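Nothing in this text is a laboratory measurement; each read-out follows from the coordinates by a stated rule. What you see is a predicted model, and the numbers here were worked out from it, not measured in a lab. In this analysis, Cβ positions are derived from the backbone assuming ideal geometry, glycine residues included, and neighbour counts consider all displayed protein chains.
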Amino acid sequence: MPELHPVVVSPPSAAGGRRVRVNGESLGLAHSLEDVSEFLRRAGLDIDPVTVAVSPLIDWCGVGPEQWGTETRE
């Protein structure tokens, strides 16, 4: 059985930013780790911005937490 991640961060959109969802509910469009941390705080998941990039609760889809916008992807 695959491991479930309650937090899903979608790949960067063509216009920039990444959609953040918790248990299927959209929290908003993040442009940084700080945005993700704030969305999660508002949803009751207090994850420190310093550790949000490596949290096992978060599934970073497509690319890791270092890409946010329209930068060239290989």
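Here are the numbers for the structure shown:
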item: Relative contact order computed over segment 4-74 (Cα-Cα under 8 Å; 6+ residues apart), in percent; result: 39
item: Environment charge at Ser10 (Cβ cut-off 12 Å; Lys +1, Arg +1, Asp -1, Glu -1); result: +2
item: For the chain, the Rg and Dmax computed from alpha carbons only, in angstrom; result: 11.6, 35
item: Radius 14 Å from Cβ of Val20, net charge of other residues (Lys, Arg +1; Asp, Glu -1); result: 0
